[in-house]
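Here's the structure, in structure tokens; my notes come after.
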Amino acid sequence: MGLPGAQLRVGVVGVGYLGRHHARIYASLSDVRLVGVVDRNADRAREIAALHGVPAFEDHRALLGRVDAVSVATPTESHRAVAADFLKEGIATLVEKPIASSLPEADDLVSLAASQRALLAVGHTERFNPAVQRLRERARDPRFIEVHRLGTFPARSLDIDVVLDLMIHDIDLVLAMARSSGGGSIQSLDAVGVNALTSRVDIANARIRLSGGCVANLTASRISTGKVRKLRVFTRDSYLSCDCADQTLEHFSLKRGTAAGSPPAIVRETPEITRDEPLARELRAFVEAARSGTPFEVGGAEGREALSVALAVAERIEEGLHEGAR
């Protein structure tokens with residue numbers, strides 16, 4: 001349902017590493033009124049609240065009756081419980097990825113949103129990266145997708161492994177690109193990974209074959225010395241290389257010779273891209289969807305699908321680790 005009219009009242013639950021940026025962006029939007037922030041860490045809640053001149057709360061239920069829309073940026077294990085309380089009241093809810101810890105929890109949220117006719121959005125921020133959006137416009141019928149998403153060791157998200165922390169971004173992108181070409185279902189999946197610095201898998205590689213013939217090779221690490229966000233797509237007649245961090249795109253295509261006997265030539269294009277903060281684009285789109293009642297780029301069903309594949313990758317890795325330990 002849409003919420004036209006005055007400023008949209010928005011709150012943020014969880015103002016740690018990512019949630020504090022949700023609060024910052026909402027506070028900057030002219031058609032939004034940030035009405036409060038929530039965190040179980042009272043000092044952190046007060047710190048972020050003071051920056052924006054809003055109340056701080058330790059219990060997310062304090063926002064009920066105060067907000068029209070909310071961002072849930074808490075640890076993954078609490079996504080279902082927190083988001084459900086808002087969806088029950090018909091409040092537009094954006095849940096940071098992954099949508100939940102398990103498929104039954106994700107199904108609960110999708111079902112609850114449908115029954116209450118409430119907007120359920122999932123924060124797969126890379127969908128809103130200007131360079132990725134331009135790549136998707138040009139990458140018709142992808143045949144092979146290769147992704148490297150490498151990061152330095154984080155002081156966050158250690159409640160989940162690297163597949164649910166980082167690789168799920170690219171799983172979502174691969175599924176979206178495959179769907180746009182009439183494919184998307186998983187035909188086969190293989191994966192390997194190791195836990196190097198934590199008790200959970202810190203580096204992983206997955207090879208996924210999808211209906212329609214596309215194959216994706218995904219590598220994710222959170223123990224690298226530097227950050228890499230590279231997405232490469234090969235189609236039947238072109239090659240596209242996207243640097244998601246720099247928001248740049250190179251497009252190589254084959255131009256046939258026009259004169260008889262003249263050889264073909266490789267043409268390189270670098271489309272002009274207006275840089276922008278993907279999270280800000282995402283939250284502006286969420287506000288618009290909450291206000292107008294229009295669909296959001298990544299709904300609950302798509303968030304659930306990305307989680308399903310990510311969990312399958314994690315399961316395959318665990319199987320390999322157990323076999324290797326025998």
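For a Förster distance of 30 Å, can you work out the FRET efficiency between the beta-carbons of Leu51 and Lys88, rounded to the nearest 0.05?
Details: r = 30 Å, r/R0 = 1.00.
The pair Leu51/Lys88 has a calculated efficiency of 0.50.
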J(HN,Hα) series, segment 143-153, from Karplus relation 6.51 cos²θ - 1.76 cosθ + 1.60, nearest Hz, glycine and proline x: 9, 9, 10, 10, 10, 10, 10, 10, x, 6, 4
Would you pull out the residues with amide H under 5 Å of Phe57's amide H, same chain only if 5 or more places away, H placed 1.01 Å from N? Val37, Val38, Asp39
Please give, to one decimal in nm, the separation of the simple spin-label points placed at Ser188 and Leu29, each 7 Å out from Cα toward the Cβ. 4.4 nm
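Between Arg40 and Asp107, what is 0.36 nm times their sequence separation minus the Cα-Cα distance? Round to one decimal in nm. List each step's numbers first, then the result.
Numbers: separation 67, 0.36 × 67 = 24.12 nm, distance 2.59 nm.
Extra length available between Arg40 and Asp107 comes to 21.5 nm.
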Under the rule a/c < 1.5 gives rounded, and otherwise a/b versus b/c splits prolate from oblate, where does segment 1-139 land using the Cα gyration tensor? rounded
Relative contact order as a percentage, the chain, C-alpha pairs under 8 Å and 6+ apart, gives 19 percent
Given the Cα-Cα distance of Asp159 and Ser253 and 0.36 nm per residue of separation, how much length would full extension add, in nm? 29.6 nm
Stretchable slack from Thr294 to Leu64, in nm (0.36 nm times residue separation minus alpha-carbon distance): 80.5 nm
Between Glu318 and Asp141, what is the label-to-label distance in nm when each label sits 7 Å out along the Cα-to-Cβ direction? 4.0 nm
Amide H to amide H under 5 Å from Thr235: which residues, 5+ apart in sequence or cross-chain, H placed 1.01 Å off N in plane? Arg143, Leu240
What is the sum of charges around Ala220, taking Lys and Arg as +1, Asp and Glu as -1, for the other residues whose C-beta is under 10 Å from the C-beta of Ala220? -2
Rounded, prolate or oblate: which fits segment 181-264 when a ≥ b ≥ c are the square roots of the eigenvalues of the alpha-carbon gyration tensor, with rounded for a/c under 1.5 and prolate only if a/b beats b/c? oblate
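Specify whether the C-alpha gyration tensor of segment 189-319 places it in the rounded, prolate or oblate class, a ≥ b ≥ c being the square roots of the eigenvalues: rounded for a/c under 1.5, otherwise prolate if a/b is larger than b/c and oblate if not.
Numbers: a/c = 1.86, a/b = 1.30, b/c = 1.43.
Taking the square roots of the gyration eigenvalues as a ≥ b ≥ c, segment 189-319 is oblate.
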Identify which of the listed values of Rg and Dmax of the Cα atoms in Å was calculated from the structure shown: (1) 20.9, 75; (2) 24.9, 79; (3) 21.9, 80. (1)
Here the FRET efficiency for Tyr17 versus Arg207, based on Cβ atoms and R0 = 22 Å and rounded to 0.05, is 0.15
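Nearest 5 percent is fine: what portion of the DSSP beta bridges confined to the chain is antiparallel?
60 percent
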Treat each spin label as a single point 7 Å out from the Cα along the C-beta direction, and report the Arg275 to Ser308 distance in nm. 3.8 nm
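Throughout, read-outs are computed from the coordinates displayed, never taken from laboratory work. Keep in mind the model is a prediction, meaning the values are calculated, not measured. Heads up, the Cβs are rebuilt from the backbone with ideal geometry, glycines too, and the neighbour counts pull from every protein chain shown.
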